[in-house]
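What follows draws every value from the coordinates through simple rules; no lab data is involved. Note that the structure is a prediction, hence the values are computed from the model and not measured. Ideal geometry is used to build each Cβ from the backbone, glycine not excepted, and the neighbour counts take in all protein chains shown.
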2 protein chains.
Amino acid sequence: MAVADDELSRVFAALADPTRRDMVARLAVGDATVGELADPYDVSIQAVSKHIKVLAQAGLVTQTKVAQRRPCHLEAEVFDLMTKWIERYRQQAQARYERLDAVLAEMQAADHGTEHPNPQPQQGAAS
Amino acid sequence: MAVADDELSRVFAALADPTRRDMVARLAVGDATVGELADPYDVSIQAVSKHIKVLAQAGLVTQTKVAQRRPCHLEAEVFDLMTKWIERYRQQAQARYERLDAVLAEMQAADHGTEHPNPQPQQGAAS
DNA sequence: GCTCTGATCAACCATCAGGTTGACAACTCC
DNA sequence: GGAGTTGTCAACCTGATGGTTGATCAGAGC
C-alpha cells in the first residue's frame, strides 16, 4: 500500500512516536550510544535499536561505528524539510483568511447598499 | 500501548500519511466538503471520512454542518505546536555544533603546543 | 411522504508498527 | 583463544491503521 513512501512521510512518522521524539531531544543535547539512549526507558535494547533505525531511515539520525559502539548523531537539517512544508500551508491558509476577511468586509459594505437576501458562502472557490 | 497519546503525536501521525498531507494542502486553498476532498482519490468516501476524522482528532481540521454537508476547515494554529517543537531542538542542536566547533578549534590550538596522541572525541559530554 | 444525496457508523480484512525473546556478529580485554 | 560487552537480525505476538462493503442517519427536493 506504499505507506510512508516519501521522506516527508518517514520524518513525520518517525516523530509521531513520543519515545522517538524523546530520543531526538536527548540527541539534541549530544551524541549518544544505543545503550545510553536505551537507559531511560524500560524497553529492551532491541526495541530502542529499532527506534533508531526508524529515525535513521527518516534521515534524522546517523550512526557511526566506534569499536562495538554505534554513537548516534542528530541530523538537524531534515527538520527544515518539515518546517518548509508546514510554513507553506500555514502561510497559504493565513493568506486565505486575510482574503476571506477582505471579502466579508466587502460583502458587509455591499449589503448596506443592495440588501441581497442570499449571500453565497463561497467555499473552495478561492483557487 | 498508548500510541499517539498526546496532541503532538497525533499531529505528527496525522501528517505522516501522504493522502492526509494532500488533503491539508487542498484545505489550505479553501474549505471543502468530504465529497470534494474525496474526489481526487480513488478510495471510498468512507476512507476519506476516516482520514478527516484523524485530522480532526489532531486538531488540524474542524468540521461544520451545512445541511447534509460537512465542510472541512483547516486550523493552521496547530502547526505552531509542531514548529515550536522542531525549532527547539533544531536550535539546541545548532548551538551544540557551534560549541563543538569551538572545542575542536581549541583542541587544535592546544595540539600545536602539547601534541597528545589520543584526542577524546567527547560525546554526550555537552550537557 | 418518498426518494436522492452526503456523510458517518459498524463490521470485517490485510498490513504495519512496536514490543518481546533468542541467536549471532563484532569488538575489547584478560 | 575465550569471556564479556554492544548492538543488530530474525521470528513471533498483539494492537493500530487503512482499506473495503453494507447499513443508517439527516436534509433537500420533488
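Here are the numbers for the structure shown:
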{"item": "Cβ neighbours within 10 Å from other chains - mean over B:11-19", "result": "6"}
{"item": "Vicinal HN-Hα couplings computed from phi for region A:85-99 (Karplus, 6.51 cos²θ - 1.76 cosθ + 1.60; Hz; Gly/Pro x)", "result": "4, 4, 4, 3, 7, 5, 5, 4, 5, 3, 4, 5, 4, 5, 5"}
{"item": "Region B:1-80: relative contact order in percent, alpha carbon pairs under 8 Å with at least 6 residues between", "result": "31 percent"}
{"item": "Residue order, fewest to most beta carbons within 10 Å, for A:ASP17, A:ASP39", "result": "A:ASP39, A:ASP17"}
{"item": "Under-5 Å amide H pairs with B:VAL61, H placed in peptide plane, nonlocal only", "result": "B:ALA56, B:GLU75"}
{"item": "Per-residue average of Cβ from other chains inside 10 Å of B:26-38", "result": "4"}
{"item": "Burial ordering of B:SER49, A:SER44, fewest other beta-carbon atoms within 10 Å first", "result": "A:SER44, B:SER49"}
{"item": "Cα centroid of region B:9-49 to Cα centroid of region A:8-73, whole Å", "result": "30 Å"}
{"item": "Average beta carbon contacts from partner chains per residue of A:93-105, 10 Å cutoff", "result": "2"}
{"item": "Using θ = phi - 60° and Karplus 6.51 cos²θ - 1.76 cosθ + 1.60, couplings along region B:39-50 (whole Hz; Gly, Pro as x)", "result": "3, x, 9, 9, 10, 5, 5, 5, 5, 4, 4, 5"}
{"item": "Shortest-first nm distances, A:VAL103 label point to equivalent points in other copies (7 Å, Cα→Cβ)", "result": "5.5"}
{"item": "Cβ-defined net charge surrounding B:ARG69, 13 Å radius [Lys, Arg +1; Asp, Glu -1]", "result": "0"}
{"item": "Neighbour-count order for A:ILE86, A:ILE45, fewest beta carbons within 10 angstrom listed first", "result": "A:ILE45, A:ILE86"}
{"item": "Vicinal HN-Hα couplings computed from phi for region A:67-84 (Karplus, 6.51 cos²θ - 1.76 cosθ + 1.60; Hz; Gly/Pro x)", "result": "6, 8, 8, 10, x, 9, 10, 7, 9, 6, 4, 4, 4, 4, 4, 5, 3, 4"}
{"item": "Label-point separation, A:ALA47 to A:LEU104 (7 Å along Cα→Cβ), nm", "result": "4.7 nm"}
